[in-house]
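Only the coordinates and a few stated rules stand behind these numbers; no lab work does. Only a predicted model underlies this, so the values are computations on that prediction, with no experimental measurement involved. All Cβ positions, glycine included, derive from the backbone under ideal geometry; neighbour counts span all protein chains shown.
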Amino acid sequence: MGLDLASTWMLSFFGACAAGGLLGFLLAKLIDFEFGLGVGLLIPGIVSLYFTFQFATEYLAFRDDPSRATGRVVAVEDRPANASGDITTPIAIVEFAASDGATYRAESRGGSGLHAGDEVVVVYRSWSPAHAVVGVPDELFGGAVASGLFGTFPASAGLFFLLGWISDRRPRKRTPAEAERARGASRLLTVANLLMLGGLFGAGLWTGTVAEQIGIAFGVASIGLWIYVVDGVWRRRDPKWTLGAGVLAVNFSAWVVALWLLSGAESQW
C-alpha cells in the first residue's frame with residue numbers, strides 16, 4: 001500500500017531539501033560555495049518539478065479515462081503504514097456503480113485526507129471493476145500548480161549559481177567594441193523599464209479581482225524581465241546579470257501561469 005501522490009510529493013520534497021542541503025554543504029567545503037549552493041537548490045527543484053509532471057499526468061488520466069465513474073467515501077479506516085504496524089495511515093473506502101450495474105468498493109491510497117461522504121472519481125477496467133483507482137481531479141490539479149511553484153524557484157536559483165560558477169571559471173575576453181556595447185544603454189532596456197513600471201502601477205487600475213490585478217502586474221513585469229534577458233544576451237553583458245534577470249523572469253512567469261490556472265482556467269483543461 002502506497003501513499004497518495006500529494007503525501008508522496010511532500011515527503012519527497014522535504015527529503016530532497018535535506019539531501020540537497022547536506023550534499024550542497026559537502027560540495028561547498030570540497031569545491032566551492034557557489035557550486036555547492038547551486039547543487040543543493042537544484043535537487044529539491046528537480047524533484048518537485050518531477051512531481052508536477054506526475055500530478056498533471058494523473059489529473060489528465062482521471063479527467064479523460066472513458067471508464068471513470070463517480071464514487072462516494074463510505075468509511076475511513078486506519079491501516080498499518082509499515083511492517084511493524086506502529087504507524088498507521090487513513091484509507092478511504094469508496095463505493096461506486098460500474099457500467100455492469102453492480103456496486104463495488106475500492107480503496108484509496110494512504111494519507112488521502114478524504115472524509116466520509118466526499119465525492120471522488122474512480123477509474124476501473126470493465127473486466128476487473130474491483131481493482132479500481134481512486135482520485136480527486138481538483139486536488140491533482142492543485143497539486144500540479146503547487147509542486148510547480150515549489151520547484152520553479154529552487155531549480156532556477158540552482159541553475160543561476162551553477163551557471164554563474166561555470167561562467168567565473170571560463171571568462172571570455174571581449175573586444176573594446178563589445179565592452180562598450182555591454183556598458184551602454186539600449187532602447188530595449190527603456191522599453192523593459194517602462195513595462196516594469198507600467199505593469200506594477202497600471203494593474204491597480206484594473207477593475208477585476210485582486211488575483212487578476214496581481215496576474216496582470218506579474219505578467220507585464222515578466223515581459224520586461226524577459227526583455228532584460230534578451231538585451232543581456234544581445235549586448236553580452238555580465239552573465240550573472242543576465243542570469244539573475246532570467247531567474248526573476250522564470251519565477252514571475254510561473255506565478256502568472258499559476259494565477260491563470262487557479263482563476264478558472266482548469267475548466268478549459
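About its Cα centre, the dipole of the stretch 1-130 is roughly 120 debye, where the only charges are +1 on Lys and Arg Cβ and -1 on Asp and Glu Cβ.
A cut-off of 5 Å between modelled amide H atoms, ignoring neighbours fewer than 5 places along the same chain, links Thr89 with Arg79, Ala81.
Can you find, among Thr57, Gly164, Leu225, the residue farthest towards the positive end of the dipole of the chain? Put +1 on the C-beta of Lys and Arg, -1 on that of Asp and Glu. Selected residue: Gly164.
Could you point to the residue in Ala106, Ile216, Val73 farthest towards the positive end of the chain's charge dipole, with +1 and -1 charges on the Cβ of Lys/Arg and Asp/Glu respectively? So the residue we want is Ile216. Taking amide H as placed 1.01 Å from N in the peptide plane, the amide H of Val76 sits under 5 Å from that of Ile93, each at least 5 places away or on another chain. By the Kirkwood approach, averaging reciprocal distances over each pair of separate Cα atoms, the stretch 67-134 gets a hydrodynamic radius of 12.3 Å. Counting other Cβ atoms within 10 Å as a rough exposure proxy, the listed residues Ile214, Ile223, Ile91 run Ile214, Ile223, Ile91 from fewest neighbours to most. Going through [x] 80, 53, 31; [y] 50, 43, 34; [z] 66, 36, 32, the figure that equals Cα extents along the principal axes in Å as computed for the structure here is [x].
Helices from the chain with mean Kyte-Doolittle at least -1.0 and a Cα length along the axis of 18 Å or more, per DSSP H: which? For the chain, where a helix must reach 18 Å along its axis and average at least -1.0, the hits are 5-30, 33-64, 137-169, 187-202, 210-234, 239-262. Hey, in the GNM for the chain with a 10 angstrom Cα cutoff, which one of Glu107, Glu77, Glu58 fluctuates hardest? Comparing Glu107, Glu77, Glu58 in a Gaussian network model of the chain, the most mobile one is Glu77. Basic side chains Lys and Arg get +1 at the Cβ, acidic Asp and Glu get -1 at the Cβ, and with that the dipole of the chain about its Cα centre reaches some 1700 debye. Positive end of the dipole of the chain, charges at C-beta (+1 Lys, Arg; -1 Asp, Glu), about the Cα centre: which of His131, Gly40, Ala192 has its Cα farthest in that direction? Positive-end residue among those listed: Ala192. Neighbour counts of other Cβ atoms within 10 Å put Asp32, Asp78, Asp231 in the fewest-to-most order Asp78, Asp32, Asp231.
Label-to-label distance, Ser126 versus Leu189, with points set 7 angstrom from Cα along the beta-carbon direction: 6.6 nm.
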